[in-house]
Amino acid sequence: MKGEVPVPSRDSGNNSWWRQGVIYQVYPRSFQDTNADGIGDLEGIRRRLDHLVSLDVDAIWISPIYSSPMADFGYDVSDHRAIDPIFGTMEDFDRLLDETHRKGLKVILDYVPNHTSDQHPWFIESRASRRNSKRDWYVWRDARADGGPPNNWASEFGGSAWTFDEATGQFYYHAYLAEQPDLNWRNPEVVAAMLDVLRFWFDRGVDGFRVDAIHHLFEDEQLRDDPVNPDWQEGLSPNQRLLRVNSMDQPEVHGAIALMRGVATSYANERLLIGEAYLPIARLMAYYGIALSGFHLPFNFHLISTPWQPKAIAALIDEYEAALPPGGWPNWVLGNHDRSRVATRLGPAQARIAAMLLLTLRGTPTLYQGDEIGMVDVPIPRHRIRDPFATNAPTFGRDPERTPMQWDASPRAGFSPVEPWLPMAADFKRHNAASQFADPRSMLSLYRALIALRHKEAALTLGTYALVQASENVLAYERRHGERRLLIALNFGEGFEELESLSPPAKLLLSTDPTREKEDFARAPKLNPNEGIVAELTPPNRVGR
């Protein structure tokens, strides 16, 4: 194998469910509508649980369902301990949680610690006067001498990250919308209140949290300007105009994460914490914390942005694996509610390769609803745009990947009896979960087979990783556990490809090409165009037995 040495397993012996599990993201607004308002709800998730059970995922991560004015579709929380009526009631949530657990799945919620809605009672008090007891719960500052904002920090959605409040004569900081003021995590009362939010949901039985926008939790206390990004050019997102060295990813964030981890650890069955931070690998590793006092899984988004080429992906895997701290568990993500869909980025054929890559790499995979049926981005007419980001950066709007789930060929794809909040895909009548369920050649059948194989094979969950080949069109690697050796070979090209010579015979376990027959390989197999395979490698002393 080209002299490659397998990456040592960093498994500490703690085989927590999330180390061997598959996480499925539910975007509730677009999953299933049951009350005829065109928006998905909690009851809709409950009614569609059998789809997730048949897919054999281990946990569902549900995007925000808390009370909210919906300026940013739930990421502007006005009550951390209440369900927004759009999604249902607390009784609906408890029913969903109970049934999900009965079916053997875990429930992960979103936790939004960086900011609240401007309609949250805390902020209403904070902006009431400079003397209010909650004034310091948010980040307020005086104007510069010229009357402008305190510094040049920019919002994620474009424009200044500061908004002037006429009533009290100061600016407040918001890393996102003006309707999403940032909490001041340097205030101990804020810390205590937000940790209590975690306890409230953990006490209710929630199994974990995906922690939103964690790298924004602290800003430079001296409010120093961010330097201009010399590489920014037209066509890039407006939030990349500055190098945000002072407005995010500050050292204090790791102390706050350690406190969150302490809450999770205090429960008999430690609860899972996943952190959202779009950062270079070296900086991302710090989010595991000192002696693993941070997140169990700092989300690894690098597959989304890495060029879809074998050599680039092999280099990414090597860099990521080498950077992991001792005991740190890897994870991989190919899509979510903020990024263009996999099948749009790569095309339908390579989306099948992407599925095999995601589900055979070492580490916990997270997949986004609809990717398992190959959903694509849906063009959104200007009058139907809902994403606030699209106001300042139309080409970067996130609506296209948030369109309703395509369940069947009935009107509106079985999602809702009325017009949905976002348009349906034009091809839903022939491209939906129901039509794919019984089709052995479908994307859904491929995902089900891959997840089933992953659960069956310890080599795919707890095994080591070793690169075999990274050529112009082929990425191949081994996963090993004990004597069990599996070869994964992926053809990124449109032509037939020979694998490099392999000494042991091999037996085909799974192919992304449904026309390929199960077979044994006496020598290196040939890959069909756009094909990926998982093959069992037979140890030499077992040949012929």
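Observations
- From Arg352, Arg362, residue being under 24 Å from Gly463 (Cα atoms), in a loop (DSSP other than H, G, I, E, B) and among the charged types (D, E, K, R): Arg362
- The range 425-470 - residue that is of a type in the set (Val, Ile, Thr) and assigned to a strand (DSSP E or B) and, of those, farthest from Asn530 (Cα to Cα): Thr464
- Hey, Gly335 out of contact with any strand residue (DSSP E or B) (no Cβ under 8 Å at 6 or more places or on another chain) and either assigned to a loop (DSSP other than H, G, I, E, B) or assigned by TED's automatic domain parsing to the domain that holds Leu510 (or both) or not: no
- Residues (under 24 Å from the mean Cα position of the chain (by Cα) and either more than 29 Å from Asp50 (Cβ to Cβ) or part of a helix (DSSP H, G or I) (or both)) located in the range 99-123: Glu99, Thr100, His101, Val112, Pro113, Asn114, His115, Thr116, Ser117
- Qualifying positions in the range 153-189 - within 25 Å of the chain's Cα centre (by Cα) and in a strand (DSSP E or B): Ala154, Asp182, Leu183
- Residues of the range 124-168 that turn out to be in contact with a helix residue (DSSP H, G or I) (Cβ under 8 Å, 6 or more places away or on another chain) and either assigned by TED's automatic domain parsing to the domain that holds Arg210 or under 20 Å from Ala393 (Cβ atoms) (or both), as a count: 6
- Unmet requirement for Ala452, which otherwise passes all of (1) out of contact with any Phe, Trp or Tyr (no Cβ under 9 Å at 6 or more places or on another chain); (2) crowded, with 22+ Cβ neighbours inside 10 Å; (3) within 16 Å of His51 (Cα to Cα); (4) of a type in the set (Gly, Ala, Ser): (2)
- In the set Asp92, Asp72, Asp98, Asp76, only one residue is closer than 28 Å to Leu297 by Cα, modelled with pLDDT of 95 or more, surrounded by fewer than 21 Cβ atoms within 10 Å (Cβ to Cβ) and in the same structural domain as Asn246 (by TED's automatic domain parsing); that residue is Asp98.
- For the residues Pro365, Pro325, Pro379, Pro307, the requirement of being out of contact with any Ser or Thr (no Cβ under 7 Å at 6 or more places or on another chain), under 26 Å from Arg29 (Cβ atoms) and surrounded by fewer than 18 Cβ atoms within 10 Å (Cβ to Cβ) singles out Pro379.
- One residue from Ala264, Ala315 being assigned to a helix (DSSP H, G or I), out of contact with any strand residue (DSSP E or B) (no Cβ under 6 Å at 6 or more places or on another chain) and modelled with pLDDT of 95 or more: Ala315
- Qualifying residue in the range 190-204 (condition: crowded, with 20+ Cβ neighbours inside 10 Å, assigned to a loop (DSSP other than H, G, I, E, B) and at pLDDT 95 or above): no
- Candidates are the residues of the range 40-90 that are of a type in the set (S, T, N, Q) and assigned to a loop (DSSP other than H, G, I, E, B); the one that is nearest to Ala355 (Cα to Cα) is Ser63.
- Residue ID - farthest from Arg441 (Cα to Cα), chosen from residues in the range 486-503 that are over 29 Å from the mean Cα position of the chain (by Cα) and surrounded by 15 or more Cβ atoms within 10 Å (Cβ to Cβ): Leu502
- Condition broken by Asp399, with the remaining ones in (1) touching a Pro at 6+ places or on another chain (Cβ under 7 Å); (2) more than 30 Å from Glu319 (Cα to Cα); (3) of a type in the set (D, E, K, R) satisfied: (1)
- Output for the range 251-278, where each listed residue is closer than 22 Å to Gly158 by Cβ and surrounded by fewer than 18 Cβ atoms within 10 Å (Cβ to Cβ): Tyr278
- Within the range 207-245, if we keep just the residues that are modelled with pLDDT of 95 or more and among the aromatic types (Phe, Trp, Tyr), the residue that is surrounded by the most Cβ atoms within 10 Å (Cβ to Cβ) turns out to be Phe209.
The values are calculated or read from the model by the stated rules, or taken from the named source; none is laboratory data. What you see is a predicted model, and the numbers here were worked out from it, not measured in a lab. Glycine gets a Cβ as well: all are built from the backbone with ideal geometry, and neighbour counts include every protein chain shown.
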